[in-house]
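The values are calculated or read from the model by the stated rules, or taken from the named source; none is laboratory data. What you see is a predicted model, and the numbers here were worked out from it, not measured in a lab. Here Cβ is always computed from backbone atoms with ideal geometry, including for glycine, and neighbour counts include all displayed protein chains. With ligands, DNA and RNA removed, areas are computed over all heavy atoms of the protein, side chains included. Shrake-Rupley method; radii C 1.70, N 1.55, O 1.52, S 1.80 Å.
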Amino acid sequence: MKKIGTTSAVLLSVLTVFAVWKILSLQIKNPLILPSANAVCKNFLFLFADRIFWRALGNTASRVLKAFLISAVCGIFFGTLSGCINPIKKFLKFPLWIVRATPLVSLVMIFLFWLPSSKIAIFSASLVAFPIVADSCEKGTRAVDKKLLESLRFFCVPSLDIFKVAHIPQAVPFLQAGFSASYGLIWKAVVAGEVLSLPRFALGTLLYEAQVHLESASVFALTFAIIFCGFFSEWILSFLFKCIFSAYHKKKHFTKIDFANVPDHAQTPSLKAKAIEALQMNVCYGKKVVLNNFNFFVPEKKVYAILAPSGAGKTTLLYNIAQELCKKKVAFSFVQQESLLLKNLTLFENVYLPLKNIFSPKEAKSRALYFLEKAKLLPLANSFPDEVSGGEKQRAALARAFAYPAPILLMDEAFQSQDIALECNLLDLFCEFLKTENRTVLFSSHNVREACVLSDSIFVLRGNPLCVVKEFSANASRKNAKTQYAFPTQETVFLEKRIVEELLGSL
């Protein structure tokens, strides 16, 4: 019904234009100024029976395609560099402004001194379209979530894989829009360049000759033919891009899981337990000092929690510890407030990605599936993150963190914004994973009971700059965490009270 309505509206619009044209041509009564619609339609139909027109159309279309390829390749190259490296963006800002500000006629006149007439339209059109593609590519490159990229680097995912699974999918919509806009502009620029440079057998040349001979009906007919060919070729190009980009988005980048043949769990390589030691950390945001010669230590195979008021610097502390570990080349996992899963990868692929350069393909696959099964996500292994709930995403993030063979785990409010049932399930899952993969854990939270149920020790901190106010010994058993969280013991309630008092006192 909607399609029929749209078709009727378009048909009515076309008929209205022709009716107005007919009325105006009858009123003006001068075919040189405004030829009749009948004469233009007749000339338009004759064009498609003319060999010279087809030869000119082929040459012009070839120039359009060459100009589009030049602008696309150069635009992607310089746009990617600008998006990744700020100095290059600043360096290119002025040249791109000059290209945008220079009229097409000036470009053609300049190229007349340097190039043969058959090449002028190509290079002038590609120069006009190049800034559009470069801008689109730069925006697409910068649109990637910085936290997501940092998370992938924390998991030591190679740069080529990051580019393939993070940058390209994010840049695709921007590139699609840039290509569409630049292609339409290139058609106009190529024909305008041909009118000025007059190469042999070109639509622009035919247009110029018709104008010189005062054949206004032919000028109108050629103009409509150029519009029709440009629109039709742009539609074909957009359809091809849509198919290619859609196929890339839906592509299983590594492998699709066959549930009939799930391999056994690959054993974890022997991990030497490591303590978390971060010394002399200093962080300032303008005049605000967040960390000032801050030292932190967590013994090996212990679970430590940090509690502090919002804005005190818990996340900053964890990120700085992560960066210190990166500098020391100590492997670690990081679960953050958001799941930070790649939307174009399935849950399996998200867990598999950090493993594929550590294990053999078979071992990486079996290890990813083992932790997905532990997280009760095996039936959803081939689903994309947008197809599952928030709790399922966070369970997948936990599965990825524990599947990655690192002796240290950092968590930044990993269980926040969950209802009590989901939070209890996540706590149980965390404890279950910790039995299988014993690690040194440091996590931040606003939930005092969560810290009491999971931790061996709890640090209460305050900010400006961040410092430890007090340490509480929790000695959590982590057995049946769900029950302990929902129905705390008297000892847990008493510990909570002391911690809350300390937090209130630190405000």
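Per-residue extension of 0.36 nm, minus the Cα-Cα distance of Ser383 and Met109, leaves a gain of 93.0 nm for this segment. Rounded to the nearest whole angstrom, the semi-axes of the ellipsoid equivalent to the range 150-200, taken from the Cα gyration tensor as √(5λ), stand at 42, 11, 6, largest first.
Here the simple spin-label model places points 7 Å from the Cα toward Cβ, and for Trp54 and Cys284 these points are separated by 7.6 nm. Rounded to the nearest 500, the helix-only mean residue ellipticity at 222 nm of the chain stands at -20000 deg cm²/dmol, with each DSSP H run of n ≥ 4 adding -39,500 (n - 2.57).
Quick check: at a probe of 1.4 Å, how many percent of the accessible area of the chain sits on carbon and sulfur atoms? Please report the intermediate quantities before stating the final value.
Working: 16190 of 26120 Å².
Heavy-atom surface of the chain belonging to carbon and sulfur, 1.4 Å probe: 62 percent.
Excluding Leu222 itself, calculate the net charge of residues whose Cβ lies under 12 Å from the Cβ of Leu222, where each Lys or Arg counts +1 and each Asp or Glu counts -1. Once all neighbours under 12 Å are counted, the net charge is -4.
The alpha-carbon of Lys274 sits under 12 angstrom from the alpha-carbons of these aspartates and glutamates, leaving out residues fewer than 8 places away in its chain: Glu300.
Here r is the Cβ-Cβ distance between Ala9 and Phe239 and R0 is 22 Å; the resulting FRET efficiency, rounded to 0.05, is 0.50. Nearest 0.05, what FRET efficiency do Lys328 and Phe487 give at R0 = 56 Å with Cβ-Cβ as r? E(calc), rounded to 0.05, equals 0.85. For q = 0.14, 0.17, 0.33 Å⁻¹, what log10 I(q)/I(0) does the range 202-242 give under the Debye formula with an equal point scatterer on each alpha carbon and no solvent? Normalising to I(0) and taking log10 leaves -0.39, -0.51, -1.01. Computed extension gain for Ala143 through Ala39, at 0.36 nm per residue and net of the alpha carbon distance, reaches 32.3 nm. The aspartates and glutamates whose alpha-carbon is closer than 16 Å to the alpha-carbon of Lys482, local same-chain residues fewer than 8 away aside, are Asp419, Glu423, Asp428, Glu432, Glu450. With R₀ fixed at 60 Å, the C-beta to C-beta distance from Asn464 to Leu65 puts the FRET efficiency at about 0.45.
What shape does the range 325-422 take by its C-alpha gyration tensor, where a ≥ b ≥ c are the square roots of the eigenvalues and a/c under 1.5 counts as rounded, a/b above b/c as prolate, and the rest as oblate? Oblate. Between the range 432-504 and the range 113-142, the C-alpha centres lie 60 angstrom from each other. In this simple spin-label model, placing a label point 7 Å from the Cα along the Cα-to-Cβ direction at both Phe46 and Phe231 gives a separation of 2.3 nm. Counting only Cα atoms, the size of the chain along its three principal axes is 100, 54, 46 Å, in decreasing order.
Of the Cα atoms belonging to the range 62-156, the radius of gyration and Dmax stand at 16.5, 55 Å.
Take the residue pairs Lys288/Lys470; Lys343/Lys365; Lys164/Lys328 and return only those whose Cα atoms are more than 25 Å apart. Pairs exceeding the cut-off: Lys164/Lys328.
Taking a ≥ b ≥ c as the square roots of the Cα gyration tensor eigenvalues, the range 32-95 comes out prolate, since a/c reaches at least 1.5 and a/b is larger than b/c. Computed packing ranks the peptides 299-311, 43-55 as 299-311, 43-55, most packed first, by mean other Cβ atoms within 10 Å. Scattering from the range 46-205 was approximated by placing one identical point on each alpha carbon and applying the Debye formula without solvent; log10 I(q)/I(0) at 0.11, 0.19, 0.20, 0.21 1/Å stands at -0.52, -1.08, -1.15, -1.22.
A cut-off under 13 angstrom between Cβ atoms defines the neighbours of Ile120, and their net charge, with Lys, Arg +1 and Asp, Glu -1, is +3.
For the chain, report the accessible area per residue in Å² (1.4 Å probe, heavy atoms, rounded to an integer).
52
Distance between the pseudo-spin-label points of Lys497 and Gln337 (7 Å out from Cα toward the beta carbon): 3.2 nm.
How many percent of the alpha carbon pairs in the range 386-507 exceed a separation of 16 Å? Roughly 63 percent, once rounded to a whole number.
Would you please calculate the Kirkwood hydrodynamic radius of the range 456-496 over all C-alpha pairs and express it in Å, rounded to one decimal?
After inverting the pairwise mean of 1/r, the radius is 11.8 Å.
For the range 176-228, the calculated P(r), taken from all Cα-Cα distances in 5 Å bins from zero up to the bin holding the longest distance, is 5, 21, 24, 24, 13, 7, 4, 1, 0 percent.
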